[in-house]
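Please treat every number below as a calculation from the coordinates, not as lab data. Because the structure is predicted, anything quoted here is derived from the model rather than measured. In this analysis, Cβ positions are derived from the backbone assuming ideal geometry, glycine residues included, and neighbour counts consider all displayed protein chains.
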Amino acid sequence: MAVPFHVQFRAHFVQPPTTAQCETMYQIACYGPQQFEQAYDMKPLYKAGLTGRGETIVIVDSYGSPTIQSDLQTFDQSYGLPAPPSFKIIQPAGAVPPYNPTLNPDSPGWGVETSLDVEYSHAMAPGANILLVETPTDETEGTAGFPQIVMAENYVIDHHLGDVISQSFGATEETFQNSQGTFDPQLIYGLRSAFENAANHGVTVLGASGDSGVTDSEIDGDLYPFRVNSWPSSDPLVTSVGGTQLHLDANGLRTAPDNVWNDPPSVCGGACAGGGGVSAVFSRPFYQAGVARVVGGARGTPDISMSAAVDGGANVYWSFAGAGPPGWVPIGGTSEATPEFSGIVAIADQAAGHSLGLINPRLYALGDGFGSGIVDITRGNNTVTFTNSNNVTYTVQGYNAVRGYDLASGLGTADGARLVAELAGFGTR
């Protein structure tokens, strides 16, 4: 079972749908780039010439998409966005097999993931370069696919090819098992070299917190009937990006406060909520000392959250075969939130005049106070109910969004203009 962290709605549109069309036809909201730009206060940055120019966002995905270059052109033309100054694709861990959904049935899902990642990192930072790093092995639960991802990311870092790395995938910590089928945290520790390399070279690494609330997938595809966490989001050297639901009008203005993403099964087809909780592998990092009452002695996720709800999904375009007819589909998931946040980080890099590296200490120092650029989320939870393959129904109790840090939304969500100022070092606080 491949685990890119996105959830797509069941409808395709020939043209990019409006919010009103999605609400009328399918009773869900859907949004385009300009609405996200307004919602996340990005327009003052663009007016000031801060678009990510001179920075490079690195997108890492198994397989990639066979049509992403032309699909990004269609996306940009449809929404009046400029093409990125540079859009390159590399395969440093080996050649990706030819696109064939029959031989590689997970490849359409990775194609959708790649479309979402590329299009919405670019939408948030339209002046940044995009480097798509494709790997030749399907990333699944456990270690499968990760050695190639680590190799590829080390290549990018060693050759100074990017400033922020966006990872929209993950595997449940407990699925890293030794030959006896026992959970072995050392298998995760053996895959951390790229994150250590990134920290040493000032590269920011982001990871999606997951799409199944406080649980996640077992090796066989069922969800664990108890709280678990996923890696690489749980790594202390990674900024974990969780999920919220936006409520916007046609202009991107909020009609209600954001809440934790938690779609009903009728919308997303399963247990769909923003990932969050405590790690079974990593102890509490120094920067979470101030939230020790919440995380205890373990690493807590997420750190920050962005839009991820399917009811409020991002309009994504693709034209390859195997994932439904070519066209536009509203997509949600922390795979949406992570590339969105990568755009904010790229713009903060531009504003600072250098890449920022591990931003977690700065995020927690800022907190969610007035003017910090982090807006507290106090509504919703990431509790999920699901029925497994044996037709047994479970409810895994999650966490509530409360004032301050919580394990459903992290510190909160981003006010782009203010957060860029604070991360870049010229904030007013």
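Data for the structure
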quantity	calculated
Histogram of C-alpha separations across the chain, 20 Å bin width, %	30, 63, 7
Cα→Cβ-extended label distance, 7 Å offset, between Ser78 and Arg379, nm	2.8 nm
Furthest towards positive pole of dipole, Thr74, Gly64, Ile219, structure part the chain, Cβ charges	Thr74
Residue order, fewest to most surrounding Cβ atoms within 10 angstrom, among Leu419, Leu356	Leu356, Leu419
Relative packing of 40-51, 343-354, 233-244, which averages over residues the other C-beta atoms within 10 Å, highest first	233-244, 343-354, 40-51
Cβ-derived FRET efficiency at R0 41 Å, Tyr26 paired with Ser283, nearest 0.05	0.40
GNM top mover of Tyr394, Tyr63, Tyr99 - the chain, alpha-carbon springs below 10 Å	Tyr394
Taking Phe169, Phe87, Phe176 and counting other C-beta atoms within 10 Å, the order from fewest to most	Phe87, Phe176, Phe169
Percent of alpha-carbon pairs separated by more than 21 Å within region 1-146	50 percent
Mean Cα-pair separation over length for region 262-371, i.e. relative contact order, pairs under 8 Å, 6 or more apart, %	21 percent
Beta bridges per DSSP with both ends in the chain, % antiparallel, nearest 5	50 percent
Residues Arg293, Arg299 arranged by fewest to most Cβ contacts within 10 Å	Arg293, Arg299
The chain, relative contact order [Cα under 8 Å, separation at least 6], %	22 percent
Span-rule helices in the chain, defined as complete DSSP H runs reaching 18 Å or more along the axis (Cα) with Kyte mean at least -1.0	107-124, 334-352
Whole-angstrom gap from region 369-418 to region 164-195, using each part's C-alpha centre	23 Å
For the chain, with +1 on Lys and Arg beta carbons and -1 on Asp and Glu, the positive-most of Leu411, Leu161, Val238 along the dipole	Leu411
Gain upon complete extension [Ser389, His160; 0.36 nm per residue less C-alpha separation]	77.9 nm
